[in-house]
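Visitor: Provided herewith is a single structure, encoded as structure tokens, for subsequent inquiry.
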């Protein structure tokens with residue numbers, strides 16, 4: 001007895017206008033580039049899911065992004081989109097399509113994309129420090145701790161005044177938090193690479209403490 005093979009919906013190529021309409025209705029752009037490239041320039045509110053071969057990236061997405069959010073891939077021409085799509089759909093996501101040209105296409109239509117300020121470990125940090133559980137992050141006392149899995153439903157806890165500084169270790173989950181906060185309308189989001197000397201956190205930000 002033979003069984004029918006499962007039907008795999010092909011990945012649609014979307015015009016930017018159509019993709020933007022999906023995003024306005026609640027979908028999210030997905031940026032598959034390396035984290036430094038994403039921080040340097042990205043579509044505002046896009047979600048950083050740094051590409052890696054295998055189950056790691058789809059699993060991270062399943063852990064950190066609600067399944068009800070449809071995804072639209074930004075094609076920069078350097079990843080296997082078929083593998084990415086299969087992996088994400090295998091975790092239960094709806095992948096609506098792909099925009100060719102990625103960030104460049106968006107910028108040509110909408111103007112200058114977003115860029116996230118990166119702060120080195122020894123620099124003074126002003127604002128509210130947010131710990132999302134990024135592996136390897138060294139987080140000072142006084143930071144607001146919201147795991148990335150809970151960030152979507154706890155956005156009301158994020159201060160609306162002043163910069164929000166995300167404590168980063170490896171950076172993959174911290175970068176994902178950048179897009180989540182931007183989607184929520186928080187404009188001043190910064191990325192703090194927290195490796196290096198010990199720090200103390202107090203009024204006026206974080207100051208360096210020599211080891």
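Visitor: Is it the case, given these coordinates, that residue 138 is in the same structural domain as residue 71 (by TED's automatic domain parsing) and either over 28 Å from residue 73 (Cα atoms) or in contact (Cβ under 8 Å) with a residue 40 or more places away in the chain (or both)?
Guide: no
Visitor: Another question about this same structure. Quick one: residue 9 ticks every box in (1) over 16 Å from the mean Cα position of the chain (by Cα); (2) assigned to a helix (DSSP H, G or I); (3) more than 26 Å from residue 154 (Cα to Cα) except a single one, so which number is it?
Guide: Residue 9 satisfies all of (1) over 16 Å from the mean Cα position of the chain (by Cα); (2) assigned to a helix (DSSP H, G or I); (3) more than 26 Å from residue 154 (Cα to Cα) except (2).
Visitor: I've got another one for you. Among the strands (runs of 3 or more DSSP E) contained in segment 43-159, which hold 3 or more residues that are over 17 Å from the mean Cα position of the chain (by Cα) and crowded, with 17+ Cβ neighbours inside 10 Å?
Guide: Passing ranges, in order: 95-100.
Visitor: Could we say that residue 132 is outside the structural domain of residue 178 (by TED's automatic domain parsing) and either in contact (Cβ under 8 Å) with a residue 40 or more places away in the chain or farther than 19 Å from residue 178 by Cβ (or both) here?
Guide: no
Visitor: Which of the following residues is free of Cβ contacts under 8 Å to residues at least 40 places away in the same chain and either over 18 Å from residue 10 (Cβ atoms) or in the same structural domain as residue 27 (by TED's automatic domain parsing) (or both): 112, 100?
Guide: Details: 100 fails: free of Cβ contacts under 8 Å to residues at least 40 places away in the same chain.
Answer to the selection: 112.
Visitor: Further question: Could you grab me the full set of residues in segment 160-187 that are more than 18 Å from residue 140 (Cβ to Cβ) and either loosely packed, with under 13 Cβ neighbours inside 10 Å or at pLDDT below 90 (or both)?
Guide: If the condition is that a residue be more than 18 Å from residue 140 (Cβ to Cβ) and either loosely packed, with under 13 Cβ neighbours inside 10 Å or at pLDDT below 90 (or both), then 160, 161, 185, 187 are the ones that fit.
The values are calculated or read from the model by the stated rules, or taken from the named source; none is laboratory data. Keep in mind the model is a prediction, meaning the values are calculated, not measured. Note that we place each Cβ from the backbone using ideal geometry, even for glycine, and neighbour counts take in every protein chain shown.
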